[in-house]
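Written out below as structure tokens is the structure these notes cover.
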Amino acid sequence: MLDDTIAAISTPIGAAGIGIVRVSGRNAIPVVEKIFSSKKKKMTDAPSHSMLYGHIVDPEGKVVDEVLVSVMRAPHSFTAEDVVEINCHGGVVAVRKTLETVLKAGARPAEPGEFSKRAFLNGRIDLAQAESIMDLISAKTERSLKVAVSQLEGALSAAIKAIRTEILGLLAHIEAGIDFPEHDLEDISRIQIEQKTKLILDRVKKLIDSAGTGKVFREGLKTVIIGKPNVGKSSLLNALLKEKRAIVTDIPGTTRDAIEEIVSLRGIPLKLVDTAGIRETDDIVEKIGVEKTMEMFGEADLVLFMIDASTGLTADDREIFPLLKGKNRLLIINKTDIKKDIDLSEAENHIEPENVIEMSLFQEKGLDRLEERIETMVYAGLASGQEELLVTNIRHKNALEEAGLSIEEVLKALAANLPTDCLAIDLKTAWDKLGEITGETVEDDLVTQIFTRFCIGK
Ligand SMILES: Nc1nc2c(ncn2[C@@H]2O[C@H](COP(=O)(O)OP(=O)(O)OP(=O)(O)O)[C@@H](O)[C@H]2O)c(=O)[nH]1
Ligand SMILES: [Mg+2]
């Protein structure tokens, strides 16, 4: 399968300055050479990482497009194979037609993620690095990008490799004992094994703990603003977005449909949702809006419950309190410019004081505190400076958890004084599980599954 030459459009389809058709494989250069016409140079003579000017010409001799072609020779390319990238004039037709011509000349259409898959199969990057490419493409804030880049550069892979090396060392130690059963591991040795195993477990757990934060950077923190009508929910969305996205009026029931926007809050990507105010209503559109609010509420990672300082707690607010149970939530008391002192004793039965934020969107007060609280929540439990090493991918987290369980089994076996070959089996399982993250011990099916989630042309 690695023998054939693949091609795909690697830029988004639509009108643009340029569009790129990428070709990779053993015959990438001869295939493109067949349809490339240049007065001066031949592509087969071109050195690696050079560009040639010319035209793509179809088999009937008609010019398809004026192009610049870059040639990257194996192994110094994205896929570690010969790669040719044809820079066409952007525009749906020119790029499609160029791809068609390349396919006729002997390439086959690339599957989604197939270029990255080849980079993995050819050993240029490991699986965790390949997966970070998609994160990099979809990064919504600079911090998300930083996390993806450090994974692409191998930060996570290096951490996993280091843990695997430790496990291997332990295995060697134990297996030496297995080979000479008459000298069962002495007590002192068991203590050493236990200490080392605990250290390994600790490192695995730290990575698992980082996954909550990692998921936020990869997927965004779904943050839903709820409250009764007219408290200022849409005004908060607009303030955080720094644009007048949602309609704001003094008429209760203004927002009917949920509005979702990506906001970068101190670099943390929030999927911020403004919702229809929750109240009993006979208005059919508003009723559906309220149902949608409840749906959004169910999916929220964080709920911002807003109340109005000028009215104090009302019956509508009281109905919302029980819903907040078990949710990450902040209570926002808006419109403190009208009235400041409201009785919060009742609210404090439901929400911890540090999660109560006084706000006046009119006076732009309270937004800093809100940002600070959200930032603290996202980083909770994370060692400072660990941002470079976050587990962002659920597949990686699952593998780490399974490895962690096996390592715990080792500790249990040690405590129960079980024979040493039992320890070796669980350690080997942990070693395999960690290898799945970097792709060293992974099944082909899983590799295929991972890359089909990529986009075409990547
Ligand atoms: N005094 C004062 N008024 C505010 C403040 N924030 C918002 N408002 C006003 O409150 C009214 C309602 O604001 P919205 O943002 O539309 O409220 P909402 O919660 O989205 O309302 P619905 O969409 O109807 O549920 C508008 O007239 C705002 O200008 C504030 O901090 N102080
Ligand atoms: Mg609104």
Answer yes or no: is there a residue in the stretch 241-248 that is modelled with pLDDT of 90 or more, within 11 Å of ligand 2 (Cβ to nearest atom), surrounded by 17 or more Cβ atoms within 10 Å (Cβ to Cβ) and under 20 Å from F321 (Cα atoms).
-> no
Of the residues in the stretch 250-281, those that are more than 9 Å from ligand 2 (Cβ to nearest atom), in contact with a strand residue (DSSP E or B) (Cβ under 8 Å, 6 or more places away or on another chain) and in a loop (DSSP other than H, G, I, E, B) number 2
Here the qualifying pairs (Cβ atoms under 9 Å; residues six or more apart or on different chains; first in the stretch 220-248 and not assigned by TED's automatic domain parsing to the domain that holds T281 and assigned to a loop (DSSP other than H, G, I, E, B); second within 7 Å of ligand 1 (Cβ to nearest atom) and at pLDDT 95 or above) come out as none
*asked:* Please verify whether A110 is of a type in the set (A, V, I, L, M, F, W, C) and surrounded by fewer than 23 Cβ atoms within 10 Å (Cβ to Cβ), treating the condition exactly as stated.
replied: no
Taking the stretch 282-299 and keeping residues small (G, A, S) and within 11 Å of ligand 2 (Cβ to nearest atom) leaves G289
The condition from (1) in contact with a Leu (Cβ under 8 Å, 6 or more places away or on another chain); (2) within 13 Å of V84 (Cβ to Cβ) that V31 misses is numbered (1)
Screening T5, T44 for residues that are among the β-branched types (V, I, T) and free of Cβ contacts under 8 Å to residues at least 40 places away in the same chain leaves only T44
Taking the stretch 332-378 and keeping residues assigned to a loop (DSSP other than H, G, I, E, B) and small (G, A, S) leaves S345, G366
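The values are calculated or read from the model by the stated rules, or taken from the named source; none is laboratory data. The structure presented is a predicted model; accordingly, all values stated were derived computationally and were not measured. For neighbour counting, all protein chains shown are included, and Cβ atoms are generated from backbone atoms with ideal geometry for every residue, glycine included.
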